[in-house]
Amino acid sequence: MPNPVIDHVDLIAEYVPLVGCRAVDVGCGKGVLVRQLAARGAMMTGIEITAEKLAAARDLPVVADEIYCDGRAEALPFPDASLDLAVFLFSLHHVPEAVHRDALAEVHRVLVPGGHLCIGEPLAEGPFFELLLPVHDETAVRAAAQRTVALAPSLGFAAVATRLYSRPRAFRDFAELKAHVLGVDPARTPAFAAHEAALEDAFHHMAERVDGRFVLDQPCRMDVLRRV
């Protein structure tokens with residue numbers, strides 16, 4: 001049976017009261033999740049190490065009082081016990097595994113007792129992942145993220161819930177997929193060019209047609225943890 005399609009924010013909101021929640025999105029990118037959570041009433045900060053993404057996030061209209069700042073997972077710019085929620089959404093696997101323990105220790109430091117940590121990660125499976133293997137193979141880093149989640153109970157966190165869900169990716173055509181993949185990381189351009197013909201063929205074979213768009217499923221997992 002396929003995993004249900006669940007919105008990230010809806011899933012977090014099942015476990016964390018968002019109104020008035022002091023929260024950080026670690027590795028916020030262009031601030032999509034920051035704005036979504038702020039719209040639900042959370043007091044949001046997004047942190048990023050990439051100046052370009054921070055600039056893009058700051059250039060977009062605010063929905064509440066959300067802010068963005070420089071920061072790293074292993075050195076969060078917050079006082080002790082000052083936050084109610086920390087979120088890693090598709091970002092933990094981008095943090096070097098060598099500092100994963102430090103990152104969780106930092107989250108433990110900045111959360112109030114009883115505060116929540118939500119770690120959402122794409123799994124190393126599914127059509128979207130498999131299609132892009134020749135361009136960007138994240139098998140190892142995604143496995144590392146799951147190993148770290150498994151360590152969380154030994155690092156001061158209690159497991160609240162684990163949810164498997166789907167995040168379908170829809171594209172008008174192959175050109176839109178290409179623009180998305182290279183927009184995320186232009187360094188992928190040579191690998192994409194080397195495999196482009198095979199990628200386009202696989203795209204048309206693997207994608208499901210839904211309402212005139214090409215849809216590729218990406219299985220995901222979210223772990224909800226509580227700071228003890």
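Of the conditions (1) at pLDDT below 95; (2) acidic (Asp, Glu); (3) under 23 Å from GLY114 (Cβ atoms), ASP25 clears all except one; give me its number.
(1) is the only condition that ASP25 fails.
With the structure loaded, tell me whether VAL181 is among the aliphatic types (A, V, I, L, M) and under 30 Å from GLY114 (Cα atoms) or whether it fails that test.
No; evaluated as a whole, the condition is false for this residue.
With respect to ALA191, determine if the residue is more than 23 Å from VAL5 (Cα to Cα) and either touching a helix residue (DSSP H, G or I) at 6+ places or on another chain (Cβ under 8 Å) or loosely packed, with under 15 Cβ neighbours inside 10 Å (or both).
no
Suppose we keep only residues that are of a type in the set (Gly, Ala, Ser) and surrounded by 12 or more Cβ atoms within 10 Å (Cβ to Cβ) within region 194-222. Which one would you say is nearest to TYR165 (Cα to Cα)? Steps first, please.
Taking region 194-222 and keeping what is of a type in the set (Gly, Ala, Ser), we get 194, 197-198, 202, 207, 212.
From what's left, surrounded by 12 or more Cβ atoms within 10 Å (Cβ to Cβ): 194, 202, 207.
On the way: ALA194: 32, ALA202: 24, ALA207: 18 Å.
Residue satisfying both the conditions and the ranking: ALA207.
Please count how many residues of region 90-113 are surrounded by 24 or more Cβ atoms within 10 Å (Cβ to Cβ) and in a strand (DSSP E or B).
The total comes to 1.
Got a sec? Which strands (runs of 3 or more DSSP E) wholly within region 167-228 have at least 2 residues that are over 19 Å from LYS30 (Cβ atoms), of a type in the set (A, V, I, L, M) and in contact (Cβ under 8 Å) with a residue 40 or more places away in the chain? Steps first, answer last, please.
Values: elements: 169-171, 208-210, 213-216, 219-227.
Hits in region 167-228: 213-216, 219-227.
Here's the yes/no breakdown for (1) among the basic types (Lys, Arg); (2) free of Cβ contacts under 8 Å to residues at least 60 places away in the same chain; (3) out of contact with any Leu (no Cβ under 8 Å at 6 or more places or on another chain):
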{"residue": "GLY41", "(1), (2), (3)": "no, yes, no"}
{"residue": "GLU52", "(1), (2), (3)": "no, yes, yes"}
{"residue": "ALA55", "(1), (2), (3)": "no, yes, yes"}
{"residue": "ILE67", "(1), (2), (3)": "no, yes, yes"}
{"residue": "LEU83", "(1), (2), (3)": "no, no, no"}
{"residue": "ALA98", "(1), (2), (3)": "no, yes, yes"}
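Considering only region 130-166, state which residues are farther than 30 Å from GLU200 by Cβ and in a helix (DSSP H, G or I).
ALA144, GLN146, ARG147, THR148, VAL149, ALA150, LEU151, ALA152, PRO153, SER154, LEU155
The values are calculated or read from the model by the stated rules, or taken from the named source; none is laboratory data. Worth saying up front: this structure is predicted, and the values here are computed from it rather than measured. Quick reminder, even Gly has a Cβ in these numbers, built from the backbone with ideal geometry, and neighbours come from all protein chains shown.
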